[in-house]
Amino acid sequence: MASSSLTDQTSPRSPGRLAEHVAIIMDGNGRWATDRGWPRLVGHRKGAERVKQIVMAAPDLGIRWLTVYAFSTENWKRSTEEVLGLMNIFARYIEREADRMAAEGVRMRFIGDREPLNPKLRNLMNSIEERTANLTRLNFTVAINYGGRDEMRRAMQGIAADVAAGILAPADITDALISQRLDTSALPDPDLVIRTSGETRISNFLLWQTAYAEYEFIKTLWPDFGPDELAKVVSRFGNRDRRFGGVATG
Ligand code: IPE
Ligand code: IPE
Ligand code: MG
């Protein structure tokens, strides 16, 4: 079920309708720690604990696809200490959560450019993807070194190479083909995007895929965002009227 056909998604308002794919911009770890006089990495560690809880709570809220933004292509601008600290947190998360995810039926994937990541982390990412590849209860995707523009640039380079080689004609470049060439080719488009910490921007997250997503900007800092608040946000989604360019359904 790729993003190819918007007409597939034009269901009218139906209270209680579920957000099957929820994407989260997990923001506010640094401020959470700084507010307490602690190093930013303490906030990131607390943030990772929250991710575990949200992953375990998601299936019971009807969420089948959960995608979280963990590290953007712009986050390399931070101090070496913070960047290395985050990379260690990602590696430890995979190592420590692997058994639990496998036991709970969680399929883990990653999006973003892996090339600049350290080989140990890349190996862990590849092995957890392989290990959980047959699981279906929750599709959990983590965006690491991900940027919407970077993803589209990489996809366009691949398409351009195929056109140059005569494998594709320009007229073959449809919305569906572009979706297939993105890192998210296996994922449906998000229904709902949540950003914590009060910032009202998307910071280069899933630019193509969120054309018709609903947004929720929440003031809570990510380390304070728990399953109860997720449940409230998801229930609000059911009352939204998604028109996809059509007319209101009353
Ligand atoms: C989000 O929290 C996590 C990452 C971007 C890695 P931040 O680290 O951006 O926290 P704030 O926005 O500085 O509070
Ligand atoms: C977005 O948060 C990226 C992630 C949550 C990983 P940032 O904190 O990096 O975004 P800006 O800098 O406030 O736009
Ligand atoms: Mg931030």
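The values are calculated or read from the model by the stated rules, or taken from the named source; none is laboratory data. Please read all numbers here as calculations on a predicted model, not as lab measurements. In this analysis, Cβ positions are derived from the backbone assuming ideal geometry, glycine residues included, and neighbour counts consider all displayed protein chains. In case anyone asks, the SASA skips ligands and DNA or RNA and just uses the protein heavy atoms, side chains included. Shrake-Rupley method; radii C 1.70, N 1.55, O 1.52, S 1.80 Å.
Of all residues in segment 153-207, which are farther than 24 Å from Ala23 by Cα and either assigned to a helix (DSSP H, G or I) or in contact with a Cys (Cβ under 9 Å, 6 or more places away or on another chain) (or both)? Step through it out loud before you land on a result.
Residues of segment 153-207 farther than 24 Å from Ala23 by Cα: 157-174.
Hits for segment 153-207 are Gln157, Gly158, Ile159, Ala160, Ala161, Asp162, Val163, Ala164, Pro170, Ala171, Asp172.
Quick check on segment 204-215: of everything there that is open to solvent by 20 Å² or more (accessible area, probe 1.4 Å) and in contact with a helix residue (DSSP H, G or I) (Cβ under 9 Å, 6 or more places away or on another chain), which residue is farthest from ligand 1 (Cβ to nearest atom)?
Tyr212
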When segment 98-129 is examined, which residues are found to be under 19 Å from the mean Cα position of the chain (by Cα), over 18 Å from Asp60 (Cβ atoms), part of a helix (DSSP H, G or I) and not β-branched (Val, Ile, Thr)?
-> Ala98, Leu121, Arg122, Leu124, Met125, Asn126, Glu129
Return yes when Ala23 is within 16 Å of the chain's Cα centre (by Cα) and surrounded by 23 or more Cβ atoms within 10 Å (Cβ to Cβ) and no when it is not.
-> yes
Phe140 farther than 16 Å from Met56 by Cβ and not in a loop (DSSP other than H, G, I, E, B) | no
Per the filter on segment 51-91, residues open to solvent by 20 Å² or more (accessible area, probe 1.4 Å) and of a type in the set (S, T, N, Q) are Gln53, Thr73, Asn75, Ser79, Thr80, Asn88
Would you check if there is a residue in segment 41-52 being touching a helix residue (DSSP H, G or I) at 6+ places or on another chain (Cβ under 8 Å), of a type in the set (D, E, K, R), within 16 Å of ligand 2 (Cβ to nearest atom) and part of a loop (DSSP other than H, G, I, E, B)?
-> no
Of those in segment 182-201 that are in contact (Cβ under 8 Å) with a residue 24 or more places away in the chain and surrounded by fewer than 18 Cβ atoms within 10 Å (Cβ to Cβ), the residue nearest to ligand 1 (Cβ to nearest atom) is Glu199
Conditions: (1) surrounded by fewer than 20 Cβ atoms within 10 Å (Cβ to Cβ); (2) more than 22 Å from Lys46 (Cβ to Cβ); (3) not basic (Lys, Arg). Glu151 meets all but one. Number of the miss?
-> (1)
State all residues of segment 160-181 that are free of Cβ contacts under 8 Å to residues at least 40 places away in the same chain, open to solvent by less than 60 Å² (accessible area, probe 1.4 Å) and under 24 Å from the mean Cα position of the chain (by Cα); if no residue qualifies, say none.
-> Leu177, Ile178
